[in-house]
Amino acid sequence: MGDVVELARKPAVLEVPATLGALGEIAAFVLRLAARARLGTGATYRIRLAVDELATNIVMHGYRGGEGRITVLGRSGPDGVRIVIEDTAPAFDPVAGRLPPDPGVPPERRRVGGLGIHLALTSVDSYTYARRDGRNISTLTVKAEGTDACPPQP
């Protein structure tokens with residue numbers, strides 16, 4: 001079970017083993033932050049989708065079933081929710097790994113992989129990736145109501 005620490009004016013922190021079993025705990029953490037920010041259904045779904053996709057990729061492709069940890073930091077407020085996901089798996093920039101759908105290629109002929117990341121990253125209002133001190137650091141933000149529409153795709 002992961003440890004949750006919530007301190008005033010500091011982000012809530014969840015640290016879990018990098019296992020498929022921990023994904024539910026990460027989702028519950030994100031849903032609590034979304035509820036605290038009073039995000040609507042659409043914004044809540046978008047941040048949960050993106051965090052779930054990134055965490056799943058960390059477990060499946062980053063650590064490849066080996067031992068590791070995922071740290072999730074979250075802040076919520078009247079402007080929305082910001083989630084930071086950190087891991088020590090090999091470097092991977094999700095932006096470089098995403099695969100936008102090619103409307104000219106039938107689904108059965110498209111390359112496998114990358115579409116989930118594309119959907120996740122285009123579902124949030126902002127996303128950044130950095131590699132620092134041997135850690136992958138992904139930062140996602142979803143804005144509060146009034147800005148609930150998905151951002152335009154690049």
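Values quoted throughout were computed directly from the atomic coordinates according to the rules given, and no laboratory measurement underlies them. Being a predicted model, the structure only gives us computed values, none of them experimental. Cβ: placed from backbone, ideal geometry, glycine included. Neighbour counts: every protein chain shown.
Assuming R0 = 35 Å, can you tell me the calculated FRET efficiency for the pair residue 91 and residue 41, based on Cβ-Cβ distance, to the nearest 0.05?
0.50
Rounded, prolate or oblate: which fits the range 52-97, taking a ≥ b ≥ c as square roots of the Cα gyration tensor eigenvalues, rounded meaning a/c under 1.5, else prolate when a/b beats b/c?
Taking the square roots of the gyration eigenvalues as a ≥ b ≥ c, the range 52-97 is prolate.
Suppose R0 equals 22 Å. What FRET efficiency, 1/(1 + (r/R0)^6) with r the Cβ-Cβ distance, do residue 135 and residue 27 give to the nearest 0.05?
0.50
List the GluC sites (Glu not before Pro) within the range 15-71 that fall in a DSSP loop (any state other than H, G, I, E or B) and whose Cβ has at most 13 other Cβ atoms within 10 Å.
Answer by residue number: 67.
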